[in-house]
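Read through the structure below, which is laid out as structure tokens, and then see the notes.
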Amino acid sequence: MSDILVVGSLAYDSIETPSGRVDRALGGSANYFSLAASLWARVRVVGVVGQDYNEADYKLLQSRNVDLAGLEKVPGKTFHWEGKYEGDMNEAQTLRTELNVFEHFNPKLPEHYKDSAFVFLANIAPALQLEVLNQVKNPQFVGMDTMNFWIEIANADLLKVLKRVNVVLINETEAEMLTRAENAISAAAKIIEMGPEAVVIKRGEYGFIMYTKAEGYFVLPAFPIAKVTDPTGAGDTFAGGFFGYLASRQDKLTVKDLKQACIFGSILASHTIQDFSVKALSKVTLGDIEKRMSEYQKVITV
Ligand code: AMP
């Protein structure tokens, strides 16, 4: 098993969906990712929170054996995101992004983080993703995520990150925005031209498309969930399941491993969306995943 280093947001989210609303609930790409990946592997977090960050929220990650040596607490307020979902729930509408303590964050990796084999650059400023990646000595497998906010305001840095990763995990609309492609199929092929050897495009209730340089397309539906309470974090959970599974493998990674990793990510994300914030995700066990996996087999098999 290898350790996974993740840099991303640790946030308080205010979210409205047709099922209700929550104010300043725990969120952030690094939180969802870590809770998901720690089911399979040891995770090391790089990030920053403000004085308002609750002790219970540290404890949640600590209870999953997540290494928080690279998580700083500084004067100021924790990252805050406000979003809303309407209609088909596949896309969040951002109402407000307050970077707060992330605005002046200069990550300095603890010494023992620098040998991490797996690195995930979760959704955060591309300049920060680069700063972190530059401090890792010899990463074996690097992934990234991003979103419309960064595609719009930090495109040049984002293109630099894309050149340095093995895999990109990104939402459908954002993949189309990044590549100016008309659909996810075409966007996937265009992202490969930007640097990575694999890209996974997440399509909400419609599942995902993976495209690898070696074998081309791999496409599957999502596990069917009739009532989606809050889709926030589904993408980060997918990435956490994907990376967690890969880091638990002993041998050199194959495309088959990547395919299996997509399925784990997707099954885990189907839990996250069944409650607000990290409520459902923080309770999921490997047993729950196995159970849903066998139901999923029936969904996709003739
Ligand atoms: P997703 O998995 O795409 O639904 O990600 C949801 C999480 O992303 C939320 O918990 C937010 O706190 C976080 N988030 C929203 N906007 C940003 C941003 N611009 N940078 C980093 N994290 C963000």
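The values are calculated or read from the model by the stated rules, or taken from the named source; none is laboratory data. None of the values given here were measured: they were computed from a predicted structure. Cβ placement follows ideal geometry from the backbone for every residue including glycine, while neighbour counts extend to all protein chains displayed.
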Check your understanding: How many residues are buried (at least 24 other Cβ atoms within 10 Å of the Cβ) and more than 15 Å from Val278 (Cβ to Cβ) when one looks only at segment 7-22?
Key -> 1
Check your understanding: Given the residues Ile263, Ile289, Ile267, which is the only one that is in contact with a Lys or Arg (Cβ under 7 Å, 6 or more places away or on another chain) and either buried (at least 24 other Cβ atoms within 10 Å of the Cβ) or modelled with pLDDT of 95 or more (or both)?
Key -> Ile267
Practice item. Give the number of residues within segment 1-47 that are more than 16 Å from the ligand (Cβ to nearest atom), more than 15 Å from the chain's Cα centre (by Cα) and not in a loop (DSSP other than H, G, I, E, B). Key: 1
Study note, to complete from the structure: Residue pairs qualifying under the 9 Å Cβ cut-off, at least six apart or on distinct chains, with the first in segment 215-234 being farther than 13 Å from Thr272 by Cβ and the second being within 16 Å of the ligand (Cβ to nearest atom) and assigned to a helix (DSSP H, G or I), are Phe218/Cys262; Leu220/Cys262; Leu220/Ser266; Pro221/Glu205; Pro221/Tyr206; Pro221/Ser266; Pro224/Glu205; Pro224/Ser270
Study note, to complete from the structure: Restricted to segment 61-90 and to residues being crowded, with 17+ Cβ neighbours inside 10 Å and over 22 Å from Val6 (Cβ atoms), the residue modelled with the lowest pLDDT is Asn90
Review point. Just a yes or no: is a residue in segment 84-100 under 24 Å from Ala156 (Cβ atoms), within 15 Å of the ligand (Cβ to nearest atom) and acidic (Asp, Glu)?
Key: yes
Review point. Among the residues of segment 141-151, is there at least one that is touching a Lys or Arg at 6+ places or on another chain (Cβ under 7 Å) and among the aliphatic types (A, V, I, L, M)?
Key: yes
Point to revise | Meets criteria (farther than 16 Å from Val7 by Cα and among the aromatic types (Phe, Trp, Tyr)) for Tyr58 | key: no
Review point. Name the pairs whose Cβ atoms lie under 7 Å apart, with the first residue in segment 146-164 and at pLDDT 95 or above, the second in a loop (DSSP other than H, G, I, E, B) and β-branched (Val, Ile, Thr), and 6 or more positions between them or separate chains?
Key: Leu158/Thr146
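With respect to Gly235, determine if the residue is in contact with a strand residue (DSSP E or B) (Cβ under 6 Å, 6 or more places away or on another chain) and within 16 Å of the ligand (Cβ to nearest atom).
yes
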Review point. Between a first residue in segment 185-209 that is closer than 13 Å to Ala234 by Cα and basic (Lys, Arg) and a second residue that is modelled with pLDDT of 95 or more and in a loop (DSSP other than H, G, I, E, B), which pairs have beta carbons less than 8 Å apart while being 6 or more apart in sequence or on different chains?
Key: Arg203/Ala222
Review point. What single numbered condition from (1) away from the ligand (no atom under 11 Å from the Cβ); (2) closer than 19 Å to Asp52 by Cα; (3) under 20 Å from the mean Cα position of the chain (by Cα) fails to hold for Phe120?
Key: (2)
Check your understanding: Residues Ala181, Ala175, Ala154: which one is touching a helix residue (DSSP H, G or I) at 6+ places or on another chain (Cβ under 7 Å), surrounded by 23 or more Cβ atoms within 10 Å (Cβ to Cβ) and of a type in the set (Gly, Ala, Ser)?
Key -> Ala175
Practice item. Give Thr254, Thr229 a once-over and let me know the one that is within 16 Å of the ligand (Cβ to nearest atom) and over 14 Å from the mean Cα position of the chain (by Cα). Key: Thr229
Exercise for review: Identify the single condition in (1) of a type in the set (A, V, I, L, M, F, W, C); (2) closer than 21 Å to Ser14 by Cβ; (3) surrounded by 14 or more Cβ atoms within 10 Å (Cβ to Cβ) that Leu109 does not satisfy, given that it satisfies every other one.
Suggested key: (2)
